[in-house]
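Just so it is clear, none of the values below were taken in a lab; they were calculated from the coordinates. Predicted, not measured: the structure shown is a model, and the values here were computed from it. No Cβ is skipped: glycine too gets one built from the backbone with ideal geometry, and neighbour counts run over all protein chains shown.
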Amino acid sequence: MVPGWPVRHYGPVPKFRPERWEFRVFGATASGDKHCWNFEEFAELPLTSVTADLHCVSRKSSTDHEWMGVAAATVLALAPPAPAVTHVMIWAEYGYSANLRLHDFASDRTLLARYHNGEALTPEHGFPLRLVVPHLYGWKSAKWVRGIEYMTQDRRGFWEERGYHNIGDPGREQRYSYQEEPGDGPIE
Ligand SMILES: Nc1nc2c(c(=O)[nH]1)N[C@H]1C(S)=C(S)[C@@H](COP(=O)(O)O)O[C@H]1N2
Ligand SMILES: [Mo]
């Protein structure tokens, strides 16, 4: 447990099995091939830090987290998307998913976090790897991330299919899908 930091997610905390863990980038990659890292390979990628709050849509936000991990920009550089890619789907254990516009994923503050306040993430906060998208609501910051799918059109993720806003900008209070303006969501 991390004192003062509530845990918020749907479903059980997955068990980490290092020998089965891999991080995959797939979909519309520039080369047409999937990119895969096993746990040891992923642990060799360079680390950066970001200090940010976590805006939960339904509860109080938690503030001032220091995250350290692999910049999303590093993943984009190592596994480039095809030019037609506009969105990504973040995939996590148990099929949890969250969609992002490519430019939200590519933000210089978006991180695949491995550490929090100088310590390894705890299981309930996403160990071994979670996404952190500081400028969007917390449900976009998927815990227990296992892959990124490059997409040439938008598609809703887990909560976005269940009534949450497709984009989820807390500055604009984009909480629910009924608040979406034309162009905020996929063409359905
Ligand atoms: N895999 C997964 N990731 C998830 C969720 C979830 O249900 N499953 N919940 C999200 C929500 S709604 C929030 S607010 C944050 C909370 O992160 P924390 O538990 O580390 O505070 O995790 C996000 N990541
Ligand atoms: Mo949340």
*Consider a paramagnetic label point 7 Å from the Cα of PHE26 along Cα→Cβ; state which residues of the range 149-180 have an amide N under 14 Å from it.*
149-151
*asked:* Mean-square fluctuation check for the chain, GNM, Cα pairs under 10 Å: which of ARG101, ARG156, ARG20 is largest?
replied: ARG20
_Using the basic label-point model (7 angstrom from Cα toward the beta carbon), what is the GLN179 to LEU78 distance in nanometres?_
3.5 nm
*Label-point separation (nm) for ASP64 and TYR115, each offset 7 Å from Cα along Cα-to-Cβ?*
2.0 nm
*Setting aside same-chain residues fewer than 8 positions from LYS143, which lysines have a Cα under 18 Å from its Cα?*
LYS15
*Would you work out the relative contact order for the range 22-179, in percent, from Cα pairs under 8 angstrom that are 6 or more residues apart?*
25 percent
*asked:* Suppose only helical runs count, i.e. DSSP H with n ≥ 4. What mean residue ellipticity at 222 nm does that imply for the chain under -39500 (n - 2.57) per run, divided by all residues and rounded to the nearest 500 deg cm²/dmol?
replied: -1500 deg cm²/dmol
*Please find the FRET efficiency linking GLU161 to VAL13, where r is the Cβ-Cβ separation and R0 is fixed at 22 Å, and quote it to the nearest 0.05.*
0.45
*Taking the Cα centre of each part, how many Å lie between the range 51-85 and the range 160-188?*
19 Å
*What is the distance in Å between the Cα centres of the range 93-119 and the range 7-33?*
12 Å
*Which one of LEU131, ALA92, PRO170 is farthest out on the positive end of the charge dipole of the chain, using unit charges on Cβ (Lys, Arg +1; Asp, Glu -1) and the Cα centre as origin?*
ALA92
*Per-peptide average of other Cβ atoms within 10 Å, ordering 147-153, 9-15, 86-92 highest first*: 86-92, 147-153, 9-15
*For the chain, build the charge dipole from Cβ charges (+1 Lys, Arg; -1 Asp, Glu) around the Cα centre, then report which of PHE42, LEU78, PHE105 sits farthest towards its positive end.*
PHE42
